[in-house]
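Just below is one structure, and these are the notes that go with it.
The values are calculated or read from the model by the stated rules, or taken from the named source; none is laboratory data. Values in this document were obtained by computation on a predicted structure and should not be read as measured data. Cβ sites come from the backbone with ideal geometry, for glycine too, and all protein chains shown count toward neighbours.
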Amino acid sequence: MKTKLILILFLFLLGGKDIIIAREKSAVVSATIDLVNVENDRVKVKIDFPNIAKSKAVFCIPKTVPGTYSTDNYGRFIENFKAVDYQGNLLQTKQLDSNRWEISNARKLGNISYEVNDTYDIEKEGGVFSPAGTNIEADKNFMLNLYAFVGYIQNMDKIAYDLTVERPSHLYPGTALDFTSENKNDARVSDIFKVERYFDLTDNPIMYAVPDTLSFKTGNMEILLSMYSATGKYKAKDLEGALVKTMKAQKKFLGDIDNTHRYAVLLYLADNAKLDARGTGALEHNNSTTVVFSENTRLEILEQALVDVVSHEFFHILTPLNVHSKEIHYFDFNDPKMSQHLWMYEGVTEYFANLFQVNQGLCYETEFFERMAEKINISKQFDDTVPFTLMSQNILSDEHKNSFYNVYQKGALIGMCLDIALRDFSNGKRGILDLMQQLSKKYGKDKPFKDKDLVKEIVKLTHPRIQQFFDVYVSGDSPIPYNSFLNKVGLTLQKKTLETDYFFNGNIPYVDINGDTGEIYFRKRTNFNSFLQQMGIKGGDILKAINGTSISKANYRDPILATRNWKPGMDVSFTIERDGKNIQLSSTTIAPTETVWEIVEGEQTDKSKALQLRKFWLKS
């Protein structure tokens, strides 16, 4: 050891400091994204890798990314892939599938380069959910979900990455990442971002635009809103009031959990007049969220939509940021192994997004009960006997992928019932937020749990009878008896009948448009009104004609809107396609109604105890 120390000192005195630094740099992947020289709506990417010890290496672009629970194959958007050696000579490469390229003579690999297409201006966005997609609009906007731009060498995704983004000087990055900038000239700037591993790169989106931002502090956390409005219709200041009020309330609700020094909201408002992002919603990241809405949205609706989606996404700083399994921590982007605990990652997060509003006085108790009753009604449209953990582990499979929407419904209801049970067992003193805070302290963002051990830990931290709750209602096949939980807090479920239109429940139609075929079909997993049930409609039926008038993407609006003027006693007919065959359905119209569940005050024998437990549940 003494000889080694003397040798290091000797090298340092002879300029060996540079040698040591070079060794440190050799363990870093260096990537460059060029936003200045954009050609044919494509961005150029170059990546230098450390020395590779194998003769062959596989370069990967993610197939799936955390939070989407879908297969998107981002390698589809890569073109002109090249690998060169240290002298700049081309190396032989072979594309293995949509997302992987095999590189021969990898020991000599100097760098990899390619061009990236975006998704927003591709017809139907290539099937990619807008907030998980990308935008390339030279000199105006770049939405960089970095997993679509920067890849990794297989089995080398755990080493550090240095990312340099060359940008026009009038554009500025919105991101939760720390960075430094170097001015190349008056027109060009280099931003340098450093992360510890590939996952951290993919978990931190960056949006470049002419600066339109606002920031504020809540506790020790800085909140940043970076916004791009395609035609300039809205400014970040327009949304300041709603965002500040909501996020300050969320932070107060969370309490001591405070290990995120900056949280970024990247909001993209699309221009519907051109080929642009069409899907709306948000995608969570540990320290940020990407949000896409239409510019055509009225301000008051935009404010509420932003509050709703950001409320959900922000609570992800609790889980999965601070509480997550090894499947999440060591996410395999091209062969993902899914966790069985979506009830927590998405369900509890969605539950908190609703609970905090009543807890912090942002909505009335009756509004909260209406939202949870709506989730009960929607969740009943799915198979209520499928074990939630089984569905979660297999969410990418053909059998279960269409059940993902239920994660936000039944998953949130699992959170609600677990919360009430915990309050009941502790005489109101502890609920699910207390549990999540304890789990956050036990694990934290750098210590994942084993998937199979989570419930055992929850039972240890709470009450032995919680094991039965999970065995029966989460990993078991028994539907949750919501009344038995609601009764504990002085509430009950009862059915009510609502009037509807013939083709609409309020403003929500019973039909939808197939984006690929243009066909008009009756939505699946929908409680049809009494008239459509009488007609014999089934979810998935394709509507071909109403009273002999053909229905297509080009003309569907008028005949469907005309049904709002129908009256009871009219003879009507539909032509529908089911299982490839045309079928004629006829009936006489009735006054259409729908029967749904609602949460109302119950009649408990010990009302005072139930009301006290409800107060603990909703207000403590």
* Failed item in (1) surrounded by 15 or more Cβ atoms within 10 Å (Cβ to Cβ); (2) among the hydrophobic types (A, V, I, L, M, F, W, C); (3) touching a residue at least 40 places away in the same chain (Cβ under 8 Å), with PHE574 passing the rest -> (3)
* Can you give me the number of residues within the range 592-615 that are assigned to a helix (DSSP H, G or I) and either touching an Asp or Glu at 6+ places or on another chain (Cβ under 9 Å) or surrounded by fewer than 18 Cβ atoms within 10 Å (Cβ to Cβ) (or both)? => 8
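For every residue, the table says whether it meets (1) within 22 Å of THR260 (Cα to Cα); (2) among the aromatic types (Phe, Trp, Tyr).
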| position | (1), (2) |
| --- | --- |
| ALA138 | no, no |
| PHE142 | no, yes |
| ILE153 | no, no |
| LEU171 | no, no |
| ALA176 | yes, no |
| GLU182 | no, no |
* To do: Quick one: which residue in VAL116, VAL58 is within 30 Å of GLU399 (Cβ to Cβ) and modelled with pLDDT of 95 or more?
  => VAL58
* Structure fact -> In the range 372-399, anything part of a loop (DSSP other than H, G, I, E, B) and either in contact with a Cys (Cβ under 6 Å, 6 or more places away or on another chain) or more than 22 Å from LYS326 (Cα to Cα) (or both) is listed as LYS380, GLN381, PHE382, ASP383, ASP384, THR385, VAL386, ASP398, GLU399
* Asked: When the range 142-186 is examined, which residues are found to be surrounded by fewer than 17 Cβ atoms within 10 Å (Cβ to Cβ), under 24 Å from the mean Cα position of the chain (by Cα) and closer than 15 Å to SER288 by Cβ?
  -> ASP178
* Taking only the range 71-97 into account, find how many residues are surrounded by fewer than 16 Cβ atoms within 10 Å (Cβ to Cβ), in a loop (DSSP other than H, G, I, E, B) and either of a type in the set (Lys, Arg) or under 29 Å from the mean Cα position of the chain (by Cα) (or both). => 1
* Test result for ILE112, more than 25 Å from ALA230 (Cβ to Cβ), hydrophobic (A, V, I, L, M, F, W, C), touching a residue at least 60 places away in the same chain (Cβ under 8 Å) and buried (at least 23 other Cβ atoms within 10 Å of the Cβ) -> yes
* Cβ-Cβ below 8 Å, separation at least six or inter-chain, first residue in the range 540-563 and over 18 Å from ILE583 (Cβ atoms), second modelled with pLDDT of 90 or more and surrounded by fewer than 14 Cβ atoms within 10 Å (Cβ to Cβ): which pairs? -> PRO559/THR549
* **Whichever residue in the range 367-376 is over 21 Å from the mean Cα position of the chain (by Cα) and crowded, with 16+ Cβ neighbours inside 10 Å and, among such residues, is nearest to LEU413 (Cα to Cα)** => ILE376
* Structure fact -> In the range 306-342, anything of a type outside the set (D, E, K, R) and over 29 Å from LYS252 (Cβ atoms) is listed as TYR330, PHE331, PHE333, ASN334, PRO336, MET338, SER339, GLN340
* Check on SER379, at pLDDT below 95, assigned by TED's automatic domain parsing to the domain that holds THR349, over 26 Å from PRO336 (Cα atoms) and crowded, with 20+ Cβ neighbours inside 10 Å -> yes
* Structure fact -> Counting only strands (runs of 3 or more DSSP E) entirely within the range 187-246, those with at least 3 residues that are of a type in the set (Asp, Glu) and buried (at least 19 other Cβ atoms within 10 Å of the Cβ) are none
* To do: Assess whether PHE531 counts as being under 26 Å from TYR405 (Cβ atoms) and either in contact (Cβ under 8 Å) with a residue 60 or more places away in the chain or charged (D, E, K, R) (or both).
  => yes
* Return the total of residues in the range 92-113 being more than 22 Å from ASP335 (Cα to Cα) and among the basic types (Lys, Arg). => 2
* Asked: Out of the range 535-585, which residues are closer than 24 Å to ARG525 by Cα and touching a helix residue (DSSP H, G or I) at 6+ places or on another chain (Cβ under 6 Å)?
  -> ILE546, LEU585
